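Engineer: Handing you this structure, nothing more for now.
The values are calculated or read from the model by the stated rules, or taken from the named source; none is laboratory data. Just so we're clear, the structure is a prediction, and the values are computed from it rather than from any experiment. Reconstructed Cβ throughout: ideal geometry from the backbone, glycine too, with neighbour counts over all protein chains shown. Side chains included, ligands, DNA and RNA excluded: accessible areas come from the protein's heavy atoms. Shrake-Rupley method; radii C 1.70, N 1.55, O 1.52, S 1.80 Å.
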Amino acid sequence: MRYRKNINCLSTNELHDLREALAAMYALPASDPNSFATLASFHGGPPITYCAHGAPGFFTWHRAYLMAFENALRVVGCQVTLPYWDWSSGPTTGVPAACRQATYVNRSGATVANPLYSGPRAGGGQTARRADIDTTVYDDLATSAQAAMSAGTFASFQSQINGVHGSVHVRTGGDMGSVPTAAYDPIFYLHHANIDRLWADWQAAHPGALPASEASFQLQPFPRPYSIAWQTGSDVESTDALGYRYRRFCFLIPPFKVWEVIKVDWPFPLRERVDAVRVVLKSHHMQPEPVEIRAFVNQPDADARTRIHGNPAFAGATAFFGHGPADPHGEKTPASQPAGHEHGDMQRPAPQAGVKERFDLELNITRALRALKSEAADFSLKLVAVDGAGNEVPAAKMILEEIALEFE
């Protein structure tokens, strides 16, 4: 399941991933189906305007469009999901901070163009927003969006949100104020992710099938998987069926390391909104030696000798299989064996070349957190690394990009 987050809740690495994927889309030729030029043209052209801005189709067409755009992002940045710009939950002024500056400092420390600030127009040049965008107020639109959530029918809800959606386009100004150019500004996709999130929230509060005219509405130019038939509204009715959900709260917890003790705010009202908590160990390599990672909640002195069986502080374990010092993983190269080589009665296909492999592990620690007393306002977490003999493994001996906590 993918999770779309508020852009203000993205970690530094997540923002880097998003910007790098978007810049890669900008650089692809228009002949590439995953290029920004191709995807942006679907909305208002040229050559064809496909977007639906009335009924039927406003919600459903844009949901299919965002899926196509997010999938293109993930072709070049496999961990990326499309964030949303939450102008609708309370008073806000201007666009999100990540979208305000023309440049940013990349992972290498170089100052480069910020792909979230503007996008390449179809006719050349870069998109722009209104000159006073940093002081433009959206407070009243948030009020209108929240009022729309009480709408009793799909038709009424869609009509109310459609109007608020249009006001965001107009107030953001510049290219966002016109259908033919709006989708060339990257803020468009964050804005529409928020519209989609509002619809998903309304669906959760008002379960039921789409109206027949919406369910049968064809969503060109988006085909069904492995089919020449166009998707219809019923194909995009459920975000779960499409493989994504929206994360509606922020946990700004910096990445941490094995053996480091972190403290996390965990008030009871917040934990009631969380379905699951996972430790995510991110790596593009197998580990040279076998290593088990053990998680302990509220036991900051835990080490390799700390009891795990019958210990309520023990939240679970996960392990990397040792691969030895000469790890060929990360990117596979073509095998010397030709494709289709006969071996006995079996035909062995050649491995795919240039495929990057990842070795991310996840450890669900929800059970241990659920066991905490309701009055507990926070918890500590410590990860302990041990080898096959039960000895401590220093963090420096492990190949990890980062360790993070994921909340659902």
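Engineer: Quick one: which of SER89, SER156 is open to solvent by 40 Å² or more (accessible area, probe 1.4 Å), of a type in the set (Ser, Thr, Tyr) and at pLDDT 95 or above?
Structural biologist: Details: SER89 fails: at pLDDT 95 or above.
None of the others qualify; the one that does is SER156.
This table checks each residue for (1) open to solvent by less than 10 Å² (accessible area, probe 1.4 Å); (2) within 20 Å of GLN218 (Cα to Cα); (3) touching a Leu at 6+ places or on another chain (Cβ under 6 Å).
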position: LYS5; (1), (2), (3): no, no, no
position: GLU20; (1), (2), (3): no, no, no
position: ALA24; (1), (2), (3): no, no, no
position: ASP32; (1), (2), (3): no, no, no
position: PHE36; (1), (2), (3): yes, no, no
position: GLY45; (1), (2), (3): yes, yes, no
position: THR49; (1), (2), (3): no, yes, no
position: PHE58; (1), (2), (3): yes, yes, no
position: ALA64; (1), (2), (3): yes, yes, yes
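Engineer: Right, here's the next one. How about segment 367-376: which of its residues are open to solvent by 60 Å² or more (accessible area, probe 1.4 Å) and either in contact with an Asp or Glu (Cβ under 6 Å, 6 or more places away or on another chain) or in a loop (DSSP other than H, G, I, E, B) (or both)?
Structural biologist: From segment 367-376, those open to solvent by 60 Å² or more (accessible area, probe 1.4 Å) are 367, 370-371, 373-375; that's our starting set.
Result: ALA371, LYS373, SER374, GLU375.
Engineer: While we're looking at this one, here's another question. Kindly state which helices (runs of 4 or more DSSP H) lie completely within segment 160-220 and contain at least 2 residues that are open to solvent by less than 10 Å² (accessible area, probe 1.4 Å). Steps first, answer last, please.
Structural biologist: Working: elements: 179-182, 187-205, 212-215.
Here the list reads 187-205.
Engineer: While we're on this one: So, of the residues in segment 92-121 that are crowded, with 17+ Cβ neighbours inside 10 Å and among the small types (Gly, Ala, Ser), which turns out to be farthest from GLY174 (Cα to Cα)?
Structural biologist: Here the answer is ALA98.
Engineer: Between a first residue in segment 370-382 that is under 9 Å from LYS263 (Cα atoms) and in contact (Cβ under 8 Å) with a residue 24 or more places away in the chain and a second residue that is open to solvent by less than 60 Å² (accessible area, probe 1.4 Å) and assigned to a helix (DSSP H, G or I), which pairs have beta carbons less than 8 Å apart while being 6 or more apart in sequence or on different chains?
Structural biologist: Matching pairs, first to second residue: PHE379/LEU369.
Engineer: Count, please, the residues in segment 377-405 that happen to be among the aliphatic types (A, V, I, L, M), in a strand (DSSP E or B) and more than 10 Å from VAL297 (Cα to Cα). Walk me through how you get there before you give the answer.
Structural biologist: In the first step, residues of segment 377-405 are kept if they are among the aliphatic types (A, V, I, L, M); the result is 377, 381, 383-386, 389, 393, 395-396, 398-400, 403-405.
Imposing the further condition that a residue be in a strand (DSSP E or B) reduces the set to 381, 383-386, 403-405.
Narrowing the set further to residues that are more than 10 Å from VAL297 (Cα to Cα) leaves 384-386, 403-405.
Total satisfying the criteria: 6.
Engineer: Can you name the residue in segment 377-408 that is open to solvent by 30 Å² or more (accessible area, probe 1.4 Å) and aliphatic (A, V, I, L, M) and, of all such residues, is nearest to ARG307 (Cα to Cα)?
Structural biologist: Residue satisfying both the conditions and the ranking: ALA389.
Engineer: Of all residues being open to solvent by 10 Å² or more (accessible area, probe 1.4 Å) and either touching a helix residue (DSSP H, G or I) at 6+ places or on another chain (Cβ under 7 Å) or among the aromatic types (Phe, Trp, Tyr) (or both) in segment 66-84, which is nearest to PRO221 (Cα to Cα)? Just the residue, please. Steps first, answer last, please.
Structural biologist: Narrowing segment 66-84 to residues open to solvent by 10 Å² or more (accessible area, probe 1.4 Å): 67-68, 71, 74-79, 81.
Pick out the ones that are also either touching a helix residue (DSSP H, G or I) at 6+ places or on another chain (Cβ under 7 Å) or among the aromatic types (Phe, Trp, Tyr) (or both) and you get 67-68, 76-77, 79, 81.
Working: MET67: 12, ALA68: 10, VAL76: 22, GLY77: 23, GLN79: 25, THR81: 21 Å.
By that ranking, first place goes to ALA68.
Engineer: Can you name the residue in segment 135-159 that is in a loop (DSSP other than H, G, I, E, B) and touching a Ser or Thr at 6+ places or on another chain (Cβ under 9 Å) and, of all such residues, is nearest to GLY54 (Cα to Cα)? Give the steps one after another, and end with the answer.
Structural biologist: Applying the first criterion (in a loop (DSSP other than H, G, I, E, B)) to segment 135-159 yields 136, 138, 149-153.
Adding the requirement that they be touching a Ser or Thr at 6+ places or on another chain (Cβ under 9 Å) leaves 136, 138, 151.
On the way: THR136: 26, TYR138: 23, ALA151: 17 Å.
Going through the qualifying residues, I end up with ALA151.
Engineer: For the subset of segment 38-66 comprising residues that are within 13 Å of GLY233 (Cβ to Cβ) and among the hydrophobic types (A, V, I, L, M, F, W, C), which member is nearest to the chain's Cα centre (by Cα)?
Structural biologist: ALA64
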